[in-house]
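**Q** Just dropping this structure here.
The values are calculated or read from the model by the stated rules, or taken from the named source; none is laboratory data. Keep in mind the model is a prediction, meaning the values are calculated, not measured. FYI the Cβ positions are ideal-geometry reconstructions off the backbone, even for glycines, and counts take in every protein chain you see. All accessible areas refer to the heavy atoms of the entire protein, side chains included, with ligands and DNA or RNA removed. Shrake-Rupley method; radii C 1.70, N 1.55, O 1.52, S 1.80 Å.
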Amino acid sequence: MPLQLVEVQRLYQQVAEQIGSLIHAGEFRIGDRLPPERELAKKLGVSRPIVREAMIALEIAGLVEVRGGAGTFVKRARGDAGSLLAAAADPGPGPFDLIAARRMIEGEIAFAAATKITNADLRSLQEAIDRMRADIVGGRDTRPADRLFHVRIATLSGNAVLAGLVDGLWAHMLDPMFDVLGRHAGLRDEDRMTVADHERIVAALARRNAAAARKAMRDHLAHVEKILMREELDAVPPPAVSKRRGARRARG
């Protein structure tokens with residue numbers, strides 16, 4: 001028997017397959033709302049971010065629909081979940097793993113950059129910020145300017161491997177997993193917050209304060225993570241109560 005390629009699945013993909021199998025088995029039917037993230041996370045013994053990533057993977061595979069502020073609903077029940085997920089192009093690493101890696105790596109890069117940065121380098125970073133600000137005003141995609149800012153800081157470390165690593169991590173920010181989750185969470189609506197964070201990073205670098213630069217970078221990426229975990233993706237709106245019914249209760 002010939003040797004078979006050993007495939008290592010990401011944790012969110014394993015969770016997605018398990019939930020998808022329940023859908024295929026009829027545990028959840030088309031139109032059903034899946035249990036809340038907290039409930040699924042507790043039953044599966046994983047974190048809420050992993051469950052959220054699994055929901056995005058299932059949506060990319062066409063099995064569910066994530067409705068912001070309402071929850072996740074079964075869209076398709078036919079077909080083996082594992083086959084559907086395997087047939088889809090690799091959606092990319094988990095967004096939360098990606099942000100955690102960036103926070104760890106880019107924080108230290110900012111620390112190193114503060115000891116080497118020149119006035120010309122500061123102007124280069126400010127130019128990237130100005131480009132992003134112009135893209136916001138013009139209604140254009142701000143990600144290229146955002147990516148440029150981070151790659152330029154990595155370049156200041158003087159280590160080509162680190163610069164390539166940051167650029168590679170940023171490439172994953174364009175993968176389906178991160179792109180779809182970002183759209184659901186409204187990450188692109190927070191571009192002005194990103195500009196403000198970038199300004200704080202540059203201010204710390206301009207002071208040649210390595211510790212402050214590291215903290216500013218980590219804080220920035222923590223902001224991104226917080227947006228991706230917004231409760232609205234899984235929240236269930238309270239039932240509507242008519243004014244007349246409410247008035248009767250008030251009088252009673």
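**Q** Mind checking the full-extension length gain between GLN18 and MET104? Use 0.36 nm per residue of separation minus the Cα-Cα distance, one decimal, nm.
**A** 27.9 nm
**Q** Quick one: pull the percent of accessible area on segment 100-240 belonging to carbon and sulfur, 1.4 Å probe, ligands and nucleic acids left out.
**A** After summing per-atom areas, the C and S share lands at 58 percent.
**Q** Another question about this same structure. For ARG29, put the label point 7 Å out on the Cα→Cβ axis and report which residues of segment 47-76 keep their amide N under 17 Å from it.
**A** 73-76
**Q** Also: What's the FRET efficiency of GLN126 with ARG183 using the Cβ-Cβ distance as r and R₀ = 51 Å, to the nearest 0.05?
**A** Here the calculated transfer efficiency is 0.95.
**Q** Also, I was wondering about something else. With every protein chain left in place and a probe of 1.4 Å, what is the accessible surface of THR115, to the nearest 10 Å²?
**A** The accessible area comes out at roughly 100 Å².
**Q** If you don't mind, there's one more thing I want to ask. With +1 on each Lys and Arg Cβ and -1 on each Asp and Glu Cβ, how big is the dipole of segment 89-143 about its Cα centre, in debye rounded to the nearest 20?
**A** 180
**Q** Say the dipole of segment 79-227 comes from +1 at the beta carbon of Lys and Arg and -1 at that of Asp and Glu; which of LEU156, MET193, PRO91 then lies farthest toward its positive end?
**A** Value computed over the given set: LEU156.
**Q** In nm, what is the difference between 0.36 nm times the number of residues separating ILE136 and LEU174 and their Cα-Cα distance?
**A** Result: 11.9 nm gained on full extension.
**Q** Using 0.36 nm per residue, how much length does the chain from GLU231 to GLU65 gain when fully extended, once their Cα-Cα distance is taken away?
**A** My answer for the length gained is 58.1 nm.
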